[in-house]
Amino acid sequence: MEVAELKVKLKTQIIEYLNLLDFTPEDIDDEDQLFGPKFDLDSIDALELSVLLEREYGIKMTDPAEGRKVLVTVNTMVDYILANKAEA
Amino acid sequence: MFIKDLSCISPQKTFEDDFFGTEPIIYTGSQLKAVEPSYADIPRSQLRRMGKSNRMATGAGMPLLQKHKTDGIIIGTTDGGMEDCHRFLNQIIQYEEGTLTPTNFVQGSPSSPAGGLALMSANSGYNNTHSNKGLSFENCLMDADLLFIEGRAKSLLVGCVEEISQAQYRIETLAGFIKKDEITSDKLIGCGTPGAINGEGATMFVLESENDNALAELVDADMISYPTADDLVAKAKLLLERNGLAVSDIDALMLGYSGDSNSDHWYDVFAEQLFPETGILSFKNLFGETPSASAFATWFAANLVNGKSVPSQAVHKPISGELKTILIYNHYQGNQHGFVVVRAV
Amino acid sequence: MGRIVVTGMGVISAIGNNVSENHSSLQNGVSGIGKAQFLNSKYANELLFGEVKLSNDALRSQLNVSNLKGITRTELLAFIAFKEAVENAGLSTDELKSFETALLSGTTVGGMVEMEAIHADANTNQAPSEFVSSYRSGAHTLQLAKAFGLRGYTDTMNTACSSSANSIMLGARMIKAGKCKRAIVGGVDSLAKYTVNGFNSLQIFSDEVTRPFDANRKGLNLGEGAAYLVLEREEDAQGKTIYGEIRGYGNTNDAYHPSSMSPEAVGVRGAINGALQTARISPSEVSYVNGHGTGTENNDYTEVHGMNQIFDAVPPYTSTKSFTGHTLAAAGAIEAVYSLLSIQHQEIYATLNWQTQMPEFNSKPQTEFVANAEVKHVLSNSFGFGGNCSSLLISKV
C-alpha cells in the first residue's frame, strides 16, 4: 500500500474510533498534533488509538512511554505502522 | 421543595415544542423513542463520546445549569448508558477479552450523566446517582430534601434519564415485561394484554428550598417495596397525614397505568380503596414505561397544577374542579411502589 | 439531636467471611490477594485479585438458599454481610419489617456478573435464564428487601467506587432528619468479567501485588466483597454494643475528567473538608486516615496531595486495599467496618507491600500494624470515576 493511501486510511480510522464529529480525512493534516487543541483529545482517546493499532494493524503497544512517542501525529503513527509491519 | 424550573426530553414534543398546545404523538408498537433536539449547545468534542442517555441528560440538564446557580446535581437512572454497556460486553466476547476500547465502559456507567453534567458545568458541589430501578426518582427527591433540611443547598439540579437499549429491551421482553402484541399507545390502558411499552428520555428539575416564583411545590414523596394492598394504603395514609392532607384535598390521582394486565390492578385497587371519588390521570400512554417514570409524571403534574390544560388522552376518570394538588402513584413491575405529591403554589 | 451510631456490622472480603476473620487478617497482616479461583475470565490466572474464598455453591449453602434460583454472586455476598450486620445489631423481625427501617446499598457491577447469561438473554430467543430479572442496578437491594421483609425506604446508589460511602452518608442523614429510625447501609460488588475487562481497558491494573502510596506503584488489584452497617440513633441503642459514630461526611464532584482526578485535588479536598466540617472537628484531631489508596499513579498522588493541603501534619494513613484489593462499590462500606474495628480495638492496620517513598511528598503511609494506638477520629476516603469523591468521619463514642 502506498504511504499516501495508508495515511488516508488511518485518518478515516481515527475519525471512526474517536467518533470525531464533523471531521473528514481531509480536515486532518499529516503534521497536526493529535493531542493539540484542534481535536480536544484526552487519555481515554490515547487508549482508543492504541486499540486501533492493534485491531487494524496487528501491532500491540505495551509500553505507555512508547505510546507517547507514537501517538503524536498521523505521520508518527504511519512511521510506526510501517516500521512494525516491516519487522513482521 | 419547590420546582423553580424544569425541562423534559421524552417521546412527546416536550423539549422545544409546546406539548400542551399540540396533539400528542400516538405510537404503534412497544418502543417510544425520545424526540431529541439537535444538541447545538453541547460542545462537539464532548458530544462525540456520549451515548444516548448521556446526551439526553446533558441536553435537558445543561440549559438549566446555565440559567440557574445550583449547589449540586442528583441524577436517577437505572440503566444509564445501557447501550454502551452492551457494546462493551459484546466486545469482551467478540475479542475474547483482548484489547478493548474503554469509552463504552466509562460511558456505560450509571454515574456518567451526573459526572458529565458536573464536568461540563464545572459544578464541584454535591453529586450523587441513584440507580434503584422503579424508585430512582423518589430516591433523588429524598436526597434533595435532606440537603435542603440540612441547609447545605438552596438550589439543586435533580432529574432522571433512561434510554431504550435494544439488549435490555430484548431481556425485558423475555422476562415478560414488554408487550408482544402491537397496539397503538392511545389504546394502551385497559388493552388487557401482558407487558408495558418502553419509553425513554430525560426529565430535569431545578429544585429550591424556598418558594421564589416557583412553578409548583413538591410536597413530599414516599415508597414501599413488595407491599400488600393494605400496606400500600397504610403508606399513602401516612403520607397524607404527615402533610396535613385529607383525601378530599387531592384533586386528582396520576396513576402509572402501563397497560400491563399483570400489574395494572394495583392502581384500580388503590383508587377504589382510598380515592373512590377522585379523578384519575394517566401518563404512560404518552411517555411509555421506564424505571424512573415518576419523573415524567412529576414534570407532567407540575405543568398541570401550574395551569396547563389536561390533554384528553391523559384523562382516565374525569376530574371535577380545579387541579391544585395531584398525588402521583406509580409502581414498577408490581414490586416497587412510589408516591409523589405535587401542589400548585 | 443525638448521635448516629453503629450497632451492627457485617463484612465478607478476600481476607475473611465475617467481621472477626477480617479483623484477624488485618491484625496479622495477612493479605487476600492472589490468583482468582472462581472468577470466570482469562485473566483469572494472569492477574492478581482479592477474591472471596468461597464458591457460589459454598455461599449458597452457608446461607441456606441452595434451592433459590436467580441469585447472583453479588447478591450472595450482600446476603452474607447483611445477615451478619442485622444479627449483630440484634434487629428483630418486627424491626426489619417496620416502615421506619431503611436499606441503602451501593453496587456497580450488580447482576452484570452473570455476563454469559446476559449475553444469551439479550441475543437469543431461547427461554430466559434464571437471572433474567437480576441484571439491572437495584436488583440486589430488591432481593434483600424481599428476603428480609423490609417495607421501608430502599435505595441503590452507583457513584462507582464511592457508592457505599454515599449509602452510609445518606442513611446517617436520613436518621438525623427524622426520615427513618434506623438504616442498614453498605454495598457490594463481585469479581466479574465485565469489570475486569473494563479496568483492563483503562490499563490501571498492576501485574503484581498492588503497592498503595509507593513511588513504584503500578496500579490496582481488583477485589470483591460486601459490607453493611446498622445505623441507629444513640437514644435507641441503649444496651447495645456501639462500635462508633458516623459523625461527619462530605461529598463533592471533582468536575475534571470522566476517569481521572484533577491535579489540584479539588474533589479530594472538598470531600475531606466536608467530612471535617459536618463532624465539627479540626484537621489536627484526626487520628488516622483509611485512604482510598488504590495503588494507581493518579489516585495516590492526588489523594496525598489533597491531604497535604488540609493537614499541617498528615496523620497516619493506610490503604487496606493492599489486603482486599479494590472492591469498587463495596470499598467504602468495607473500609468503614475496618475504621470501626480500628476504633473499637484502638489499633491501626498496615499498608502492605510498600517499599519506596513517593518523591513528591515527605510523608509515607503506615506500614506496620500498631496495637495500642489512640484512635478517636478516623477519616475514610472513597473516590470514584465520574469525579465522585466522598469522605466519612467515623468517631469513637
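The values are calculated or read from the model by the stated rules, or taken from the named source; none is laboratory data. Just so it is clear, the structure is predicted and the values come from calculations on it, not from any experiment. Heads up, the Cβs are rebuilt from the backbone with ideal geometry, glycines too, and the neighbour counts pull from every protein chain shown.
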Item checked: segment C:155-166 - residue that is in a helix (DSSP H, G or I) and of a type in the set (S, T, N, Q) and, of those, nearest to the other protein chains (Cβ to nearest Cβ) -> C:Asn166
Margin query: Suppose we filter C:Ala102, C:Ala85 for residues that are under 26 Å from C:Met9 (Cβ atoms), in contact with a strand residue (DSSP E or B) (Cβ under 8 Å, 6 or more places away or on another chain) and in a helix (DSSP H, G or I); which single one remains?
Written below: C:Ala85
Margin query: Going through C:Leu47, C:Leu63, C:Leu68 one at a time, which residue ends up being surrounded by 21 or more Cβ atoms within 10 Å (Cβ to Cβ) and either in contact with an Asp or Glu (Cβ under 9 Å, 6 or more places away or on another chain) or more than 12 Å from chain B (Cβ to nearest Cβ) (or both)?
Written below: C:Leu47
Note to self: Here are the criteria: (1) surrounded by fewer than 24 Cβ atoms within 10 Å (Cβ to Cβ); (2) within 18 Å of C:Cys161 (Cβ to Cβ). Tell me which single one B:Ile149 does not satisfy.
What the structure shows: (2)
Notebook entry, point to check: Scanning segment A:63-81 for residues that are surrounded by 15 or more Cβ atoms within 10 Å (Cβ to Cβ) and within 14 Å of chain C (Cβ to nearest Cβ), which turns out modelled with the lowest pLDDT?
Noted result: A:Gly67
Notebook entry, point to check: Could you list, in sequence order, the residues of segment C:115-147 that are touching a Gly at 6+ places or on another chain (Cβ under 8 Å), at the interface with chain B (Cβ under 8 Å from one of its Cβ atoms) and charged (D, E, K, R)?
Noted result: C:Arg136
Next item on the list: Out of the residues in segment C:88-99 that are touching a strand residue (DSSP E or B) at 6+ places or on another chain (Cβ under 7 Å) and of a type outside the set (D, E, K, R), state the one that is surrounded by the most Cβ atoms within 10 Å (Cβ to Cβ).
Entry: C:Ala89
Note to self: Can you tell me how many residues within segment B:107-119 are touching a residue at least 12 places away in the same chain (Cβ under 8 Å) and either part of a loop (DSSP other than H, G, I, E, B) or more than 20 Å from the chain's Cα centre (by Cα) (or both)?
What the structure shows: 6
Next item on the list: Might you check whether a residue that is β-branched (Val, Ile, Thr), assigned to a strand (DSSP E or B), within 25 Å of B:Phe148 (Cβ to Cβ) and within 14 Å of chain C (Cβ to nearest Cβ) occurs anywhere in segment B:310-325?
Entry: no
Margin query: Looking at (1) surrounded by fewer than 24 Cβ atoms within 10 Å (Cβ to Cβ); (2) away from every other protein chain (no Cβ under 14 Å), which one does B:Gly201 not meet, given that it meets all the others?
Written below: (1)
Notebook entry, point to check: Yes or no: A:Leu53 under 23 Å from B:Gln107 (Cβ atoms), part of a helix (DSSP H, G or I) and either within 10 Å of the chain's Cα centre (by Cα) or away from chain B (no Cβ under 14 Å) (or both)?
Noted result: yes
Note to self: Name the residue that is nearest to the other protein chains (Cβ to nearest Cβ), counting only residues in segment C:227-285 that are more than 22 Å from C:His345 (Cα to Cα) and of a type in the set (Phe, Trp, Tyr).
What the structure shows: C:Tyr256
Next item on the list: Scan segment C:144-162 and give yes if some residue there is among the β-branched types (Val, Ile, Thr) and free of Cβ contacts under 8 Å to residues at least 40 places away in the same chain, otherwise no.
Entry: no
Check: Taking segment A:1-42, which residues are within 12 Å of another protein chain (Cβ to nearest Cβ) and surrounded by fewer than 17 Cβ atoms within 10 Å (Cβ to Cβ)?
Finding: A:Glu16, A:Asn19, A:Leu21, A:Asp22, A:Pro37, A:Lys38, A:Asp40, A:Asp42
Check: Among the listed residues B:Ser185, B:Ser155, B:Ser136, which satisfies the condition of being in contact with an Asp or Glu (Cβ under 6 Å, 6 or more places away or on another chain), in the same structural domain as B:Leu64 (by TED's automatic domain parsing), on the phi < 0 side of the Ramachandran plot and hydroxyl-bearing (Ser, Thr, Tyr)?
Finding: B:Ser155
Notebook entry, point to check: Within segment B:92-102, is there a residue that is among the acidic types (Asp, Glu), surrounded by fewer than 24 Cβ atoms within 10 Å (Cβ to Cβ), part of a loop (DSSP other than H, G, I, E, B) and assigned by TED's automatic domain parsing to the domain that holds B:Asn128?
Noted result: yes
Item checked: Filter pass, C:Phe82 being hydrophobic (A, V, I, L, M, F, W, C), away from chain B (no Cβ under 14 Å) and crowded, with 21+ Cβ neighbours inside 10 Å -> yes
Checklist line | Matching residues in segment B:42-80 - criterion: being closer than 20 Å to B:Val206 by Cα and within 14 Å of chain A (Cβ to nearest Cβ) | finding: B:Ile42, B:Asn54, B:Arg55
Note to self: Residues that are out of contact with any Ser or Thr (no Cβ under 9 Å at 6 or more places or on another chain), among the aromatic types (Phe, Trp, Tyr) and either over 22 Å from C:Ser164 (Cα atoms) or facing another protein chain (nearest Cβ under 7 Å) (or both): does segment B:111-129 have at least one?
What the structure shows: no
Notebook entry, point to check: Does B:Tyr27 meet the test of being within 14 Å of chain A (Cβ to nearest Cβ) and either within 16 Å of the chain's Cα centre (by Cα) or aromatic (Phe, Trp, Tyr) (or both)?
Noted result: no
Checklist line | Single match in C:Gly306, C:Gly293 (criterion: in contact with an Asp or Glu (Cβ under 9 Å, 6 or more places away or on another chain) and not in a loop (DSSP other than H, G, I, E, B)) | finding: C:Gly306
Notebook entry, point to check: Which residue, of B:Ala40, B:Ala34, is touching an Asp or Glu at 6+ places or on another chain (Cβ under 6 Å), in the same structural domain as B:Glu162 (by TED's automatic domain parsing) and outside any helix (DSSP H, G or I)?
Noted result: B:Ala34
Next item on the list: Considering every residue within segment C:333-346, establish whether at least one is assigned to a loop (DSSP other than H, G, I, E, B) and closer than 21 Å to C:Cys161 by Cβ.
Entry: no
Note to self: Can you report the number of residues in segment C:63-98 which are at pLDDT below 95 and more than 22 Å from the chain's Cα centre (by Cα)?
What the structure shows: 7
Checklist line | Selection count where residues are within 12 Å of C:Gly291 (Cα to Cα), outside any strand (DSSP E or B) and among the hydroxyl-bearing types (Ser, Thr, Tyr), scope segment C:361-397 | finding: 0
Check: Is segment B:252-269 home to any residue that is surrounded by 18 or more Cβ atoms within 10 Å (Cβ to Cβ), of a type in the set (S, T, N, Q), touching a helix residue (DSSP H, G or I) at 6+ places or on another chain (Cβ under 8 Å) and farther than 24 Å from B:Ala144 by Cβ?
Finding: yes
Note to self: Here are the criteria: (1) more than 7 Å from every other protein chain (Cβ to nearest Cβ); (2) among the small types (Gly, Ala, Ser); (3) surrounded by fewer than 24 Cβ atoms within 10 Å (Cβ to Cβ); (4) assigned to a loop (DSSP other than H, G, I, E, B). Tell me which single one C:Gly152 does not satisfy.
What the structure shows: (3)
